[in-house]
Structures are given as C-alpha cells and as structure tokens.
Amino acid sequence: MPRNNALRSPPGGRPSTACHRCHDRKVKCSREVPCRNCHLAHRTCTYPSREQFLTVPESYIRNLEANASRLSAAPATYYPAVSSRPNDVGTHANGATSSGSHSKAELLVEDPTTEGFVSRLKRFRQPYLAGSSSQLPHDSQSSPSNVGGNTPQESAYEYVRLNFDTKNPSLSIKLPPYPYALVLLNQFDVFLGHDWHWFLRKTFREKLNVTYQQPFSDEASDRTWLCRLLVVFALGESYNSGQPPEIHFLPDGSHASHSFPDRESKPPPGTQFFEQALALLNIRHENPSIDQVEALNLIAFYSYSLNRRKAAYSYAGQSTRMSNMLGLHKPPTSTTSSIVELEHQKRVWWTTYCLDRMTSTEMGLPTAIHISEVEISYPEDSPLLTPEQREEFGDAHTINAYIQLAFIHADICENMKSLDEDTTANVGKWTGSIVQRLNDLKAGLPPHLNYDFEDGIPEPVKQLHDRSLASLYQRYNQCFILLLRPLFLKRIMLLLSSKTTEAEQEDLQDLTNICLRMARTTLNIIIDLWNMDKIAKFGFWESLHLFSSLTILSLANSVNSRWPGSFNEKPNDAATYETAKNLLLNMVLAGNLASKGQACMLEDVEAFHEVCWRDDRETFEIDSSWNLDDWISQITCLAL
C-alpha cells in the first residue's frame, strides 16, 4: 500500500513527540499516525499525551512580565521560536508547528556536519538583519548530506579536483546492429523491465534511437548513458533461450556432426557487453547523478548472472550511498522539478533500496541505510500524469508489492539469526505475524495482480507481454519457504526420532504443508515459464527459487515414501520434481554457475531418502541452529 494512503498526519497537526515504540527503541520517529516505523512493523502506534508543569520562583515570573512589558514598547521584532525540549524546537504552546520548523528540528539530528551548523547559524542571524544591506542568503546546500538536493549538481564545498575526476581513457566500444539492439531491449523489458524502475522507459528508448541514428550526438558520446545501454544489452542477451548450434563438415563437404559449444569454455551471454560497460563506468564521487545510480543498479543486477555476489553487494551499496548524497531518500525540496522527475526520483530510490536489501540479505551483511532513515513515500500512479508521461513508468502496484516483499524477506532472515529449538516450540507465535503480513499483502493486491498460481501460471497471465507477475509470485512463495523451512525440518526430525505425537501437532502440520504447497507452486510457475520460452537460464534468483522448492519437494517425497501421508501430496508430485530437476540441470549445462553449485547440493538432499529407511535413526541429532546446509551435511554422512 502506498505510504501516503497508509500514513497520515492527525487533523491537529503532527505530534510534538515520538511515539511510545520509537521512544523506547531510541530511533527517529516520523510523527505520523501511525508513524513509519510502526506501520512497517505492523505495530500499534500510540503517542504520549502530557503537559509539563514546572515549579518556578515568583520572582522569575515577575521578571518575565517586566521584560514583556518593556519589549511591547519597542518596535516589533521577530524572534525564532525556542522550546524547552530539543525535540520540540519550533513548536508553539498550542502544539502547532510554525512553517519550516519541523524540517529545522530534524536537521539538528540528521545534519551534524560543521557546514550544517554554520548554515543553521546563518538562518538564525538572518531575521535580525532584516532591512540591512548585508542580508545573508539562505544556503540550503551547505551540508554534504544535502549535496545536489534531488538533482545532479556540484558540491557546495571546495575540494581538490583530480585528473581522475575528468579523465576518460581512450577506448572503442562495439554496439550491436540496430535490429538486434531492439531485440535485446525488448527481451530486457519482458524479463526484467517491469519488476523495478531502472530508468525512464520511454526516454530510454528514444535515446537509444538517437544513439543509432545520430552517432555523433551528445547521447552517443555520454559515457554514463552508453554504460547503462550496454548493461541493458547484456541483461537482454542473458535471456536468450537457445544456444547457437555449431555444424561441422568433413574436408569432402559431407556433414560430420551437429553440436553445441562448450559452455565451460565460453562466458555467459551478455558478458562482452558487460565488460564494455564496466570500461565506461567512471563514478564521479564528488558530483553524483541519478544516471550513475541507474548504471550501478543495472550493474549490480547483472553481476548475479555471473554469480559475482560480492560484486553485486558492493555495487548496490555504492548506489545506495550515492542516492543518499542526492537526498533521494527524503521528500524533494525543489519546487522546479516536474511531476515526472519527482516520481522518477522516488522510484529510483526504492529500486536502489530494495537491491541493497536483496544483496545484503543474500550475503548476510549490513545494508547501506536503515529503513527508519527513509522519508520518501511509496511510488504511485499519479492522476496528474498525462498518458504520454505514464509511458515512462511501470505499474506502481507491482513495484510496491516488490518493496513489501523485500521488507518481509529481510525480516525473515533477521529472525533466522536468533532461531533455536525453543523458538520453534511455539510455532504459531513465531510465524504468525509474518504469515499474516504475507496473506494481507496478497489480499490487498488489485485484481490485475491477484491470481492463483497453485496449478501454474493462469491463462490471463500467460497472455501478458512480460513475466513480471510470475517473478513476483516466485518471490512471494520464497518468503513462505524461508519462513517455514525450519519448521519443515523440525517435523522431519520428530518423525526420524519416532516422536509421532509431536510431529502431528495441528499447527505444525498446517504450516509445513503451506511450505510444501508454496514450493510446489513455484515449481509449477517455473515449468510453465520454460514451456513459454520465458525462463531466465542465467538468472540467479530464478535458480535459487527453483533449488529451494526442489529441496522441499524432495524431502517431502522421501518422508512420504516411508511414512505415507506425513505431508500433503499430489499424484503428480514425482513427475513435477523430475521435470523441475531437469530444468535445473539444463541451467547447469547452459553455464549458470549458481545452478551448478545448487545441483551438487540437491544430490546431498536426495541422499536423505536412504536415511528414512535406516534402522539406526536414533543416532540422528539435528543442529540447534537449524541451518539447512549443516543439517544436510549431517544426514548425508548418515547416508554413506
């Protein structure tokens, strides 16, 4: 749900203090109803209602009255509002906040730089200099934290300029023929273009046309633009479905063989475009721009096609920090930006934030920014946009759903860090809130996004130009799998330990069957994508979702073979598993390095089948951390 629909200020204005939850956690509160932190955490948001009563000497009151009487006889002069509480700077006694006082109060906390202090001091002095010839201008760009506002500009402070800043080494790049360029852009649009906001869609296509039609234009010589274009080509080419065959002939002209190139010796498709893009990449750290943010986002995502996970994490983090310098995480301060520019900045920010979230979670490392520091609202399909302007953007409901899934996914992974056997004892309490969030997310989707994928991709979705919905539901199912997989393993452990009564607890059965159902659904989606020729053979996330789901279905099949009916099963589960496994192996043969490692781990999972039929299962002990990899290693040793 977009933030501006869910978060609102109360009729009497913003509360003057932080809510109870933010105050207890000692984090910044947005002071809305509910505040942003409580809204994201799905917690009740309440504010203190209090009025301070102070005991002061009577002489102090008399002095105040005398001063007021003296000042009333003098010419009227404006004095900045002052409060006795730091978090109420600029707040009058009646609770109303003067114009601009809220943002100034925030700067006391958010902008601790020397430049910010001096800038604020100059604004305090300015009212006293009214009418003087030495008026001090309002310097809104004095602080590094606000460099560039929401648009690219030079830094407001002086720094040593290096030759590296403007040095552009000589190089030659090779663009694909124009017809193939359009094919690659269209493939990018089908597979990835609607998942996130990578750039202004209509403008990007127009600039591509200019680059080919006018090779000596400014667009054709803009290195950042060419960098973005080449990464889009790389991503588009990575979605090529087939391998070009090699046909060999004998010296006499007769046909000798028909084969496909060895993928072990050839880089993944798109690599040549990608390496050219990296050669063009020259980040202007002291002069950031949204174009550079877009380039880093694209580079981070393609890095996963090469299984370069650390590189993806680094690029995504760099992109987020650059967005912070541009102030994209805050409401815009410029009054000259168009509605297209404002929505573009908002969507670029959320894409950047979610990529940083995804890469950080996958690596188990910290993010570049905490959600409590984000003040920008969610993307929206503004009614003020003209039909032509709407062509620049994808569907806001889709990207907002991806954003919410990124939040939920991160929360699940954070919970996993503290998971132990005692935590899983009360399964309903541990999983209930996140399961409810996932259910609420799906229930709140508009009709054009709300479908049942349990038996595969619905026919109306198959008719769509892009595969964004299929990707969205894969991510949705993966959240359930990650959340419930520890309980799935716990139930298997109970069965192995002959603790049948505990294994048959109703809530444990229900949740583990949900996990199995989501895994089966993901496999059906991916199988349909394969049949539709829309599979991402080199997709890291596609392979990860495929492997995770195969793992669950393999374990369920093994357990049901020994203890029939332990998990809900369907007659075609075995066929579904074999078909999906063949898809994973096909991705391995294509050269997907992530799939290669996952295929090896799947063999370890399949070895569990022998454990179910051993007679010495009493020696089985599950690791208290409930780590899947450690557990698989243990059961593999038992199977040898």
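Bear in mind that the values in this text are calculations on the coordinates, not laboratory data. The model shown is predicted, which means the values in this text are computed figures rather than measured ones. For neighbour counting, all protein chains shown are included, and Cβ atoms are generated from backbone atoms with ideal geometry for every residue, glycine included.
Remarks
- Backbone amide hydrogens, once placed in the peptide plane, bring Val33 within less than 5 Å of Arg8, Ser9, excluding anything fewer than 5 places away on its chain.
- Sequence-distant residues sharing a close amide H with Thr46 (under 5 Å, placed H): His20, Arg21
- Hz values of 3J(HN,Hα) by residue in region 576-588 - Karplus curve (6.51, -1.76, 1.60), Gly and Pro given as x: 4, 5, 5, 5, 5, 5, 4, 5, 4, 5, 5, 5, 5
- In this structure, the amide hydrogen of Arg284, modeled 1.01 Å from its nitrogen in the peptide plane, lies closer than 5 angstrom to no residue at least 5 positions away or on a different chain.
- Computed lengthening from Ser561 to Glu275, 0.36 nm per intervening residue step minus Cα-Cα distance: 98.0 nm
- Put a dot 7 Å past the Cα of Ser433, heading toward its Cβ, do the same for Arg161, and the two dots end up 5.2 nm apart.
- With a cut-off of 14 Å between beta carbons, the residues surrounding Ala312 carry a summed charge of +2, where Lys and Arg count +1 and Asp and Glu -1.
- Rounded to whole numbers, the Karplus 3J(HN,Hα) couplings from phi for region 322-339 are 5, 4, 4, 5, 7, x, 5, 7, 10, x, x, 9, 6, 9, 9, 6, 6, 5 Hz, using 6.51 cos²θ - 1.76 cosθ + 1.60 with θ = phi - 60°, and x at Gly and Pro.
- Eigenvalues of the alpha-carbon gyration tensor of region 447-579, scaled by 5 and square-rooted, set the equivalent ellipsoid semi-axes at 29, 14, 13 angstrom, largest first.
- In summary, the lysines within cross-link reach of Lys28, defined as a Cα separation below 24 angstrom excluding same-chain residues under 8 places away, comprise Lys104, Lys330, Lys346.
- Here region 375-415 is scanned for amide nitrogen atoms under 11 Å from the site 7 Å beyond the Cα of Lys202 along Cα-to-Cβ, giving 385-393.
- A Förster radius of 45 Å combined with the Cβ-Cβ distance from His285 to Gln463 puts the calculated FRET efficiency at roughly 0.45.
- Taken one residue at a time, the phi angles of region 303-315 give Karplus couplings (6.51, -1.76, 1.60, θ = phi - 60°) of 4, 5, 5, 9, 6, 8, 6, 5, 5, 4, 4, 5, 5 Hz. Gly and Pro are set to x.
- Using a cut-off of 22 Å between Cα atoms, the listed pairs Lys537/Lys581; Lys266/Lys537; Lys537/Lys570; Lys429/Lys570; Lys534/Lys581; Lys310/Lys596 include Lys537/Lys570; Lys429/Lys570 as exceeding that distance.
- Using C-alpha pairs below 8 Å separated by at least 6 residues, the relative contact order for region 353-487 is 27 percent.
- In the frame of its principal axes, region 258-393 has Cα extents of 61, 37, 27 Å, reported largest first.
- Between Ser377 and His448, the modelled labels are 2.0 nm apart [label points 7 Å from Cα along Cα→Cβ].
- P(r) histogram, all alpha-carbon pairs of region 478-531 included - 5 Å bins from 0, percent: 4, 21, 23, 19, 14, 9, 5, 3, 1
- Summarising the label geometry, the points placed 7 Å from Cα in the beta-carbon direction at Asp222 and Glu578 lie 5.5 nm from one another.
- Estimated FRET transfer efficiency (Asp455, Met532; beta-carbon r; R0 22 Å; 0.05): 0.90
- Full-stretch length increase - Glu58, Asp507 - with 0.36 nm per residue and alpha-carbon distance subtracted: 155.0 nm
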